[in-house]
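Trainee: There's a structure below that I have some questions on.
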Amino acid sequence: MSTSTNTVAPVEPVRFDTKIAVLLRGDLESWQRLNVTAFLVSGLGTVAPEVVGEPYEDADGVGYLPMFRQPVLVFEGTKETLVAAHARVLSRDLPRAVFTGDLFATGNDRDNRAAVRAVGTAELDLVGLAVYGPRNAVDKVLKGARMHP
């Protein structure tokens, strides 16, 4: 009688060479943090389709939309941290999204875009920034920020 030992190789954690990160201004209310984060990451898959995984399906065959294939890391910082990160993301030409304080007073996409367009880059009242790119580049953009508690 032959015996075989089935050994399962340990599963290595999946590591990505890219990072999706959101930087929020630390003085936002909880509902604002959630809203800003959702808005900021919503466009990422349209410019970087590789960040979106496959659709989901449960055991009963019910399908669900695909989601990002990797975690979204959320950071917080001061207004000054956001301004510095914004300058760094622009200099590195990484995919990015901004959310300004003015957008809390609008109610639709057209008005949101008009509110951002009405203000010069250096005068944007930044409350949130999303960035995607190589891990090291994103880490440099987020210098001075801390993980959201």
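The values are calculated or read from the model by the stated rules, or taken from the named source; none is laboratory data. Note that this is a predicted model, so its numbers are computed, not measured. Cβ atoms come from the backbone with ideal geometry, glycine included; neighbour counts cover every protein chain shown. Side chains are part of the model used for accessible areas, which takes the heavy atoms of the whole protein and leaves out ligands, DNA and RNA. Shrake-Rupley method; radii C 1.70, N 1.55, O 1.52, S 1.80 Å.
Trainee: Pairs, please: C-beta under 7 Å, at least 6 apart or cross-chain, first residue touching a residue at least 60 places away in the same chain (Cβ under 8 Å) and in the range 58-78, second part of a loop (DSSP other than H, G, I, E, B) and surrounded by 16 or more Cβ atoms within 10 Å (Cβ to Cβ)?
Mentor: Hits for this filter: 75/142; 75/145; 76/26; 76/145; 77/26; 77/145.
Trainee: Tell me whether the range 127-140 contains one or more residues that are open to solvent by less than 60 Å² (accessible area, probe 1.4 Å) and either farther than 23 Å from residue 16 by Cβ or of a type in the set (S, T, N, Q) (or both).
Mentor: The answer is yes; a qualifying residue exists.
Trainee: Scanning the range 54-98 for residues that are of a type in the set (Ser, Thr, Tyr) and either touching a Leu at 6+ places or on another chain (Cβ under 8 Å) or closer than 16 Å to residue 135 by Cβ (or both), which turns out surrounded by the fewest Cβ atoms within 10 Å (Cβ to Cβ)?
Mentor: 56
Trainee: If the Cβ limit is 7 Å and pairs must be 6+ apart or interchain, which residue in the range 117-138 that is closer than 22 Å to residue 103 by Cα pairs with which residue that is part of a strand (DSSP E or B) and open to solvent by 80 Å² or more (accessible area, probe 1.4 Å)?
Mentor: Note: pairs meeting the criteria are 129/96; 130/96; 131/96.
Trainee: So, one more: Within the range 77-115, can you find the residues that are outside any helix (DSSP H, G or I), more than 17 Å from residue 27 (Cα to Cα) and among the aliphatic types (A, V, I, L, M)?
Mentor: 94, 97
Trainee: Only one residue in 51, 36, 47 is aliphatic (A, V, I, L, M) and open to solvent by 30 Å² or more (accessible area, probe 1.4 Å), so which one is that?
Mentor: Step by step, each of 51, 36, 47 is checked, and only 47 is aliphatic (A, V, I, L, M) and open to solvent by 30 Å² or more (accessible area, probe 1.4 Å).
Trainee: Search the range 13-39 for residues being touching a residue at least 24 places away in the same chain (Cβ under 8 Å) and among the hydroxyl-bearing types (Ser, Thr, Tyr), and hand back the single one that is nearest to residue 146 (Cα to Cα).
Mentor: So the residue we want is 37.
Trainee: Additional query: Would you call residue 42 closer than 22 Å to residue 145 by Cβ, within 15 Å of the chain's Cα centre (by Cα), open to solvent by 20 Å² or more (accessible area, probe 1.4 Å) and of a type in the set (Gly, Ala, Ser)?
Mentor: When the stated conditions are applied, residue 42 passes them.
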